[in-house]
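J.: One structure coming up, written as structure tokens, with questions to follow.
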Amino acid sequence: MTGRDRTVLIVEDNEDNRIVYSTILRHHGFRVSEALDGEEGMAKALRELPDLILMDISIPLIDGWEVTQRLKHEHATSHIPVIALTAHAMPGDRERAMEVGCDGYLAKPCEPRAVLAEVNRLINRARPVAPGDA
Ligand code: MN
């Protein structure tokens with residue numbers, strides 16, 4: 001168990017992918033929250049302040065680039081690591097991911113273990129700055 005009750009928000013419109021990612025994350029001790037489009041993803045991120053967000057880029061209403069950029073400009077959510085998931089990766093996607101503030105980037109189809117490894121790599125890194133922290 002590596003999750004220790006950390007919460008990962010999965011923003012993904014494809015049900016099969018949501019099941020695959022949430023299953024492996026729950027198996028490793030993470031709490032999982034799910035959103036099916038950009039508006040729900042934005043709302044849940046702000047309300048639930050997850051420890052990490054898995055962000056499909058191709059989602060309805062507001063795309064994953066835009067949602068990430070907005071969350072990175074919000075004080076409450078700017079510290080939350082975001083892993084972008086892109087299908088049909090285009091040249092320049094990785095650069096775009098970094099531009100909008102994504103912390104990690106995976107091209108679909110991605111192995112569940114690769115997703116887990118990236119979550120574990122990033123989730124221990126970023127923490128909200130507590131008052132009095134140097
Ligand atoms: Mn999608």
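Values quoted throughout were computed directly from the atomic coordinates according to the rules given, and no laboratory measurement underlies them. None of these values were measured; they are calculated from a predicted model. Cβ coordinates were reconstructed from backbone atoms using ideal geometry, including for glycine residues, and neighbour counts include every protein chain displayed.
J.: Give me a comma-separated list of calculated 3J(HN,Hα) values for the stretch 10-23, in order, Karplus coefficients 6.51, -1.76, 1.60 applied at θ = phi - 60°, integers in Hz, x for any Gly or Pro.
T.: Once θ is set to phi - 60°, the couplings for the stretch 10-23 become 9, 9, 7, 8, 8, 4, 4, 5, 4, 5, 4, 5, 5, 5 Hz.
J.: Separate question: Cα atoms only, the chain: Rg and Dmax in Å?
T.: Gyration radius and largest Cα-Cα distance of the chain: 13.7, 45 Å.
J.: Only Lys, Arg, Asp and Glu count, each charged at its Cβ (+1, +1, -1, -1), so figure out the dipole size of the chain about its Cα centre, rounded to 20 debye.
T.: Dipole of the chain, to the nearest 20 debye: 580 debye.
J.: OK, next. If you plug each phi of the stretch 85-100 into the Karplus form 6.51 cos²θ - 1.76 cosθ + 1.60 with θ = phi - 60°, what whole-Hz ³J(HN,Hα) values come out, in order, with x for Gly and Pro?
T.: Result, ordered by residue: 10, 10, 8, 6, 3, 9, x, x, 4, 4, 5, 5, 4, 5, 4, 7 Hz.
J.: Moving to a separate point now. Could you work out which residue, out of I123, I83, I53, moves most in a Gaussian network model of the chain, that is, has the largest mean-square fluctuation with Cα springs under 10 Å?
T.: The residue with the greatest mean-square fluctuation here is I123.
J.: For the chain, set up a Gaussian network in which alpha carbons nearer than 10 Å are linked by springs, and say which option among P91, P81, P60 fluctuates the most.
T.: Comparing P91, P81, P60 in the GNM, the peak value goes to P91.
J.: Now, a different point. Please report, in cubic angstrom per residue, the volume enclosed by the convex hull of the alpha-carbon atoms of the stretch 38-115. Could you put the intermediate results ahead of the total?
T.: Working: hull volume 6.6 nm³, N = 78.
Measuring per residue, one finds 85 Å³ for the Cα hull of the stretch 38-115.
J.: For the stretch 1-66, just say rounded, prolate or oblate: build the C-alpha gyration tensor, square-root its eigenvalues into a ≥ b ≥ c, call rounded for a/c under 1.5, and beyond that prolate if a/b exceeds b/c, oblate if not.
T.: oblate
J.: Suppose a student asked you for the relative contact order of the chain, using Cα pairs under 8 Å spaced at least 6 residues apart; what percent would you report?
T.: On the way: 235 pairs, mean separation 29.2, N = 134.
Normalised by residue count, the contact order of the chain is 22 percent.
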